[in-house]
1. Consider segment 6-64. How many of its residues are part of a loop (DSSP other than H, G, I, E, B), closer than 19 Å to residue 102 by Cα and free of Cβ contacts under 8 Å to residues at least 40 places away in the same chain?
2. How many residues does segment 1-59 hold that are closer than 18 Å to residue 86 by Cα and aliphatic (A, V, I, L, M)?
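Any read-out appearing in this document is the output of simple, stated calculations on the displayed coordinates, not a laboratory observation. Here the structure is a predicted model, which means the values were calculated and not measured. Please note: Cβ atoms are built from the backbone with ideal geometry, for glycine as well, and neighbour counts cover all protein chains shown.
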Amino acid sequence: MTIDIDSLLDAEIIKTEEDSRTQTLDVTLLLDAEEPSHAQQKKLRFEHVTYYSRSEIPKEGYPVILEISEVVPEIEKSFDNDQSRKRFKIDTTSGIVVLEFEACYLVD
């Protein structure tokens, strides 16, 4: 499934779950949080994550997604240098997240 990146902008990140055994990252988002009557939770799953980095800025409340870019600065690592993997740089109100992964989709 292709993810509509624009639909994730302004979503609140309310939960992040990492499973190092399966290299999976689940991110629970609250969409349309500004309109509580329309707010809905969606879970985004990243599979075969080989790089995950977060820089944090102190902030109260849940981080909000400001921008998602597939243009990512060079990642320095000495393992699994598969150039076909996808990369996201996610700017949030509490810092920047950089991910390298094989697949990403919404979980029902």
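1. From segment 6-64, those part of a loop (DSSP other than H, G, I, E, B) are 9-11, 20-23, 32-39, 48-50, 57-63; that's our starting set.
Next, only the ones that are closer than 19 Å to residue 102 by Cα stay: 20-23, 48-50.
With free of Cβ contacts under 8 Å to residues at least 40 places away in the same chain added as a condition, the list becomes 20-23.
Within segment 6-64, residues that are part of a loop (DSSP other than H, G, I, E, B), closer than 19 Å to residue 102 by Cα and free of Cβ contacts under 8 Å to residues at least 40 places away in the same chain number 4.
2. 8
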